[in-house]
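The values are calculated or read from the model by the stated rules, or taken from the named source; none is laboratory data. Everything numeric in this text was worked out from a predicted model, so none of it was measured. Note that each Cβ is placed from the backbone with ideal geometry, even for glycine, and that neighbours are counted across all protein chains shown. Heavy atoms of the whole protein, side chains included, go into the accessibility calculation; ligands, DNA and RNA do not. Shrake-Rupley method; radii C 1.70, N 1.55, O 1.52, S 1.80 Å.
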Amino acid sequence: MGLAAGVSSGAQNGSGVQAAMGQATAQGAENQQTVNSSQILGSRVFSANRDYFNATQKGQAGMALGQGLSAIGGALVSNAGTISKLGTYFSNRPVGSSLNRNQ
């Protein structure tokens, strides 16, 4: 635009037109640098979000495993009496005896 304005006014060989061209070139380079920086920043933010999501998923899987193990432990503790009776029943049986109570 600076060159077009300078040429239309007959100043195509003047330093003002060259300055306008230099300014336009510098502004274009600055805009390109801004775009590149924005792309880099956007990529890093996306990567950080992906890492956060993956860590959250792993944490939730670990919590589910812990809850499952806790449930198994709770079932064992709440049935400890029955489990103990089974142990006593089987340990007091004579060797070679049948497990069938009707005999």
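Side notes on the structure shown:
- Chymotrypsin sites (Phe, Trp or Tyr not before Pro) restricted to DSSP loop in segment 17-58 with at most 11 other C-beta within 10 Å: none
- Solvent accessible area, Å² - L69, 1.4 Å probe, full protein context: 110
- Exposure of I72 as accessible area (Å², to 10), given a probe of 1.4 Å and all protein chains: 100
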